[in-house]
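Have a look at the structure below before the remarks.
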Amino acid sequence: MESNNNTGRFKGCIPSYGDADLCAAIMDTNRENWQRPDIVGKLITQPGMTVVDLGAGTGYFVDLFSKKLPEGKIIALDPEPSLITWMEERKNRGSMDNVSIHKITENDPGLDQLNVEIDILFVGYTYFHFNTPVRYFREKIYPYIQNKTVVAIADMAPVPGQVRHTVSSEQVIMEMVKAGFELTDEPTTCYDQYLLVFKKVPQKYVSE
Ligand SMILES: C[S@@+](CC[C@H](N)C(=O)[O-])C[C@H]1O[C@@H](n2cnc3c(N)ncnc32)[C@H](O)[C@@H]1O
């Protein structure tokens, strides 16, 4: 049975995501001071990469990927309508020409509709939202990415005594292995965050 009783795991969207101004105040303000290390720089290896940002929020990472990959293609996905509008306005302000923005549902990122080869599938501070992560990654991600696709999952590490909406790196690794992926890298991160890099194990689903 898939574990889904982690106390940090949310069912669906946090209601306050409907307030894009509040989200931007949290997700975009002074973030360079705590958002360490340079996750985007660690993941980019070529100039023309295609990046999917799953759970893109206000577009903080979308903007960074867009600027660092002017020859690349960035696809921002999020289920929250107010954040889709926010990102579209951000794009209209003129800084994200190589970005496309798509509203998805909570249970399906719609990768089958994209018709692109994906170099990086980035899941930043969003993994804890997936209610059934093994099934989600096995059925909605695995079939629609390539063997070369880097699946990068970044999040806060749980800290004893602090309430944090997150899932431990150990749990993410366990669930991703069950979904048919293998950990290929774990770049050095700030003490209270993690960055896990996976690739799919070709044609192999690991049984639960
Ligand atoms: C904590 S925010 C992180 C946003 C962004 N990745 C960042 O780091 O700034 C989590 C995001 O996940 C989105 N989200 C919630 N449930 C989701 C789901 N089932 N699938 C994809 N995204 C989801 C929310 O709407 C929100 O934008």
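The values are calculated or read from the model by the stated rules, or taken from the named source; none is laboratory data. Here the structure is a predicted model, which means the values were calculated and not measured. Methodologically, a virtual Cβ is constructed for each residue, glycine included, from the backbone with ideal geometry; neighbour enumeration extends over all protein chains shown.
If only residues of the stretch 108-158 that are hydroxyl-bearing (S, T, Y) and under 22 Å from L43 (Cα atoms) are counted, the one that is surrounded by the most Cβ atoms within 10 Å (Cβ to Cβ) is Y127. When the stretch 67-94 is filtered for residues that are under 20 Å from C23 (Cα atoms), within 16 Å of the ligand (Cβ to nearest atom) and in a helix (DSSP H, G or I), the ones remaining, listed by number, are P81, S82, L83, I84, T85, W86, M87, E88, E89, R90, K91. The single condition from (1) free of Cβ contacts under 8 Å to residues at least 60 places away in the same chain; (2) touching a strand residue (DSSP E or B) at 6+ places or on another chain (Cβ under 7 Å) that V150 fails is (1).
Return the only residue of G48, G41 being surrounded by fewer than 20 Cβ atoms within 10 Å (Cβ to Cβ), more than 10 Å from the ligand (Cβ to nearest atom) and modelled with pLDDT of 95 or more.
Values: G41 fails: modelled with pLDDT of 95 or more.
Of G48, G41, the one residue that is surrounded by fewer than 20 Cβ atoms within 10 Å (Cβ to Cβ), more than 10 Å from the ligand (Cβ to nearest atom) and modelled with pLDDT of 95 or more is G48.
For L114, state whether it is farther than 22 Å from I173 by Cβ and in contact (Cβ under 8 Å) with a residue 12 or more places away in the chain. When the stated conditions are applied, L114 passes them.
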